[in-house]
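See structure below.
The values are calculated or read from the model by the stated rules, or taken from the named source; none is laboratory data. These numbers were taken from a predicted model, which means no experiment stands behind them. Here Cβ is always computed from backbone atoms with ideal geometry, including for glycine, and neighbour counts include all displayed protein chains.
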Amino acid sequence: MYRPRWSHVLSYSVLLAGALVFVYPFLWMVAASFKPEAEIPSFGLVPSRPSLESYRIVFDRVPIGRSFLNSLLVALSVTASVLVFGSMVGYGLSRLSFKARGLLFGVLLFTMMVPFQLTLIPTYVLMVKFRWVDTYLALIVPGTVSAFGIFLFRQFFMSIPQDLIDAARIDGCGELSILFRIIWPLSKPAMVTVGILTFMASWNDVLWPMVVIREPKLMTMPQAVALFAVGGRAELLGPKLAAAVLLALPIISAYIFFQRHFVESMARTGLKG
Amino acid sequence: MRRGTVGYLLCLPYIVHFLVFMAYPLGFSLVLVFHKWDIVSPMKWVGLANFIRLASDSLFFRALYNTFIFLAIHIPLQIAVALFFAELLNRKLRLIGLFRAAYFVPVVVSGVVVTILWQQLYADTGVLNKLLAKLGLGRVPWLTSPSWAMPSIAIMATWKNVGLYIVMFLAGLQGIPRELYEAAELDGASKLQQFFHITLPMLNPVVVLVLVLSTIGGFSLFIEPYIMTGGGPLNSTLSAVLYIYKQAFYFYRMGYAATLGFAFALIIFLVVALQRRFVEREVYV
């Protein structure tokens, strides 16, 4: 069927307008962080006199470098441990038979449905009892195992041919070496999905750090930036926006490199429902 | 070692984590709701006092009302915008990947960034009001009027999340068999009829997913009002989690904060169950 070209032109214009709506504000934010204070409310993307003054103020008043390292440490530890433990449990639940397996899987599905509002305060109390408030342990340990990660690994491992596992067993491989030497190399898509989702959630999380961390030296980046934006320490708009740019930078850089993986991994959260 | 034993050993990290960070908190929340406790002094048994207080706490109902206002704007807007762009992207055009990637940027960025950014856009003399002025329209008191503040946050949240739902709807659209449309066309169904009798019913699972995820999101709002408005003006943006946070960490009422968490969790279950009951349909392929 012949399609008149103007419908394509229309589609593209609308798509382009949409793209502007989603991307322009970020470009504006980056530009505004280099603008002199008085120019910030204007639309333009080019500062009349670009300056690093806003960034100087941020680095002056917030331990932003330290908070970046804190966030990195927390997000990397959480992601590594979710991958290792998640694949171990996922393997156990999909490939080994034992009495309580069905029960454990049921419990797993149940915990995925529990709203965090219910456990937030009791978990904080637990941190107080462990004396973990204002330590890295409080930021990392509760996140070391993810029910959703286990679930994704289990689903993925179910599709791996049993022959491979049987052959390895005949060769005398233990279950752990089967998991790490045979299953892991075959499971890149699952690793990437769980890795990206976990890292992103951990990097962007702000509620839990706000609950368990008061000491500025231990704050993660979103927490430090949020408190900077709220507190009286940023009377000026420029520094607030500069802090936001710094917070967005690592995840946007990662997104630019692994764009397709990000989109596909996030879309997969739909499996949850 | 027997393979069954190995199974238990492999699952041990989950079992330990579940006992410590799920079973214990769940059990302890049942203790907390019957106590008054400021963490420092000993716990005090108060029976049902927390629930009685909840039943007459106007701020609890305000937070609930605010959440429903948020959902009433956020959900329809999200579904309409996501479907619109997914339909456009589903045509055989070039550069689809690029557009999809652009719509997705706000999804990956921290809510803190998005909130700081939109706080500036929403400022009285900010970019959005300037834009409205250029179009010859009046200023909108985005964050300063109690009736506008929550809708403003709902619009911002839609902007942040809709990229994800565009991708989900797009995947849904691509899964609809072409023959359905061809058959409908033969029977003389209009485009509009095709949309309402084929597309929408076939996308039911995605619609349910958007409903459920948005509802959970609405009840989890925290950093947005925390940064933008602190819950104001006049408590018009006080969200469920912000209220729990304030009770726990401004007033050190752990028992009451746990009771609020308990109540909101129950309401989430109820709302999600109702949505599934009334919206979810079997899809025949």
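Points to keep in mind about this one:
- One residue alone among A:ALA147, A:ALA138 is within 12 Å of chain B (Cβ to nearest Cβ), small (Gly, Ala, Ser) and over 21 Å from A:SER94 (Cα atoms), and that residue is A:ALA138.
- Scanning the stretch B:172-195 for residues that are within 26 Å of the chain's Cα centre (by Cα) and surrounded by fewer than 17 Cβ atoms within 10 Å (Cβ to Cβ) gives B:GLN174, B:GLY175.
- Among (1) crowded, with 22+ Cβ neighbours inside 10 Å; (2) among the β-branched types (Val, Ile, Thr); (3) within 11 Å of chain A (Cβ to nearest Cβ) - the single one B:ILE39 does not satisfy: (1)
- Exclusive hit being at the interface with chain B (Cβ under 10 Å from one of its Cβ atoms) and either without any contact (Cβ under 8 Å) to a residue 24 or more places away in the chain or among the aromatic types (Phe, Trp, Tyr) (or both), set A:PHE59, A:PHE22, A:PHE68: A:PHE22
- Within the stretch B:109-123, residues that are more than 14 Å from A:ALA226 (Cβ to Cβ) and facing another protein chain (nearest Cβ under 7 Å) have Cβ atoms under 9 Å from residues that are of a type in the set (Gly, Ala, Ser) and surrounded by fewer than 24 Cβ atoms within 10 Å (Cβ to Cβ) in these pairs: B:GLN120/B:GLY126, counting only partners at least 6 apart in sequence or on another chain.
Yes/no matrix, rows are residues, columns are (1) in contact with a helix residue (DSSP H, G or I) (Cβ under 6 Å, 6 or more places away or on another chain); (2) more than 18 Å from A:TRP28 (Cβ to Cβ); (3) of a type in the set (D, E, K, R); (4) in a helix (DSSP H, G or I):
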site	(1), (2), (3), (4)
B:ASN129	no, no, no, yes
B:LEU137	no, yes, no, no
B:PRO151	yes, yes, no, yes
B:GLU185	no, yes, yes, yes
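- Residue within the stretch A:190-203 that is in contact (Cβ under 8 Å) with a residue 40 or more places away in the chain, away from chain B (no Cβ under 11 Å), crowded, with 21+ Cβ neighbours inside 10 Å and more than 17 Å from the chain's Cα centre (by Cα) present: no
- All positions within the stretch B:227-253 that are crowded, with 21+ Cβ neighbours inside 10 Å and either facing chain A (nearest Cβ under 7 Å) or among the polar types (S, T, N, Q) (or both): B:ILE227, B:THR229, B:SER236, B:THR237, B:SER239, B:ALA240, B:VAL241, B:ILE244, B:GLN247, B:ALA248
Table: residues versus (1) touching a strand residue (DSSP E or B) at 6+ places or on another chain (Cβ under 7 Å); (2) at the interface with chain B (Cβ under 7 Å from one of its Cβ atoms); (3) assigned to a helix (DSSP H, G or I).
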residue	(1), (2), (3)
A:GLY86	no, no, yes
A:GLY90	no, no, yes
A:LEU103	no, no, yes
A:LEU126	no, yes, yes
A:ASP134	no, no, no
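- The single residue among A:VAL211, A:VAL245 that is modelled with pLDDT of 95 or more and either more than 28 Å from A:GLU53 (Cβ to Cβ) or more than 10 Å from chain B (Cβ to nearest Cβ) (or both) turns out to be A:VAL211.
- All positions within the stretch B:238-285 that are among the charged types (D, E, K, R), over 28 Å from B:VAL207 (Cβ atoms) and touching a residue at least 24 places away in the same chain (Cβ under 8 Å): B:ARG253
- The listed residue being in contact with a Pro (Cβ under 8 Å, 6 or more places away or on another chain), in contact (Cβ under 8 Å) with a residue 12 or more places away in the chain, among the aromatic types (Phe, Trp, Tyr) and not assigned by TED's automatic domain parsing to the domain that holds A:ILE140, out of A:PHE34, A:PHE43: A:PHE34
- In the stretch A:25-56, the residues that are surrounded by fewer than 16 Cβ atoms within 10 Å (Cβ to Cβ) and more than 14 Å from chain B (Cβ to nearest Cβ): A:PRO36, A:VAL46, A:SER48, A:ARG49, A:PRO50, A:SER51, A:LEU52, A:ARG56
- Among the conditions (1) at pLDDT 90 or above; (2) buried (at least 18 other Cβ atoms within 10 Å of the Cβ), the only one that B:PRO141 does not satisfy is (2).
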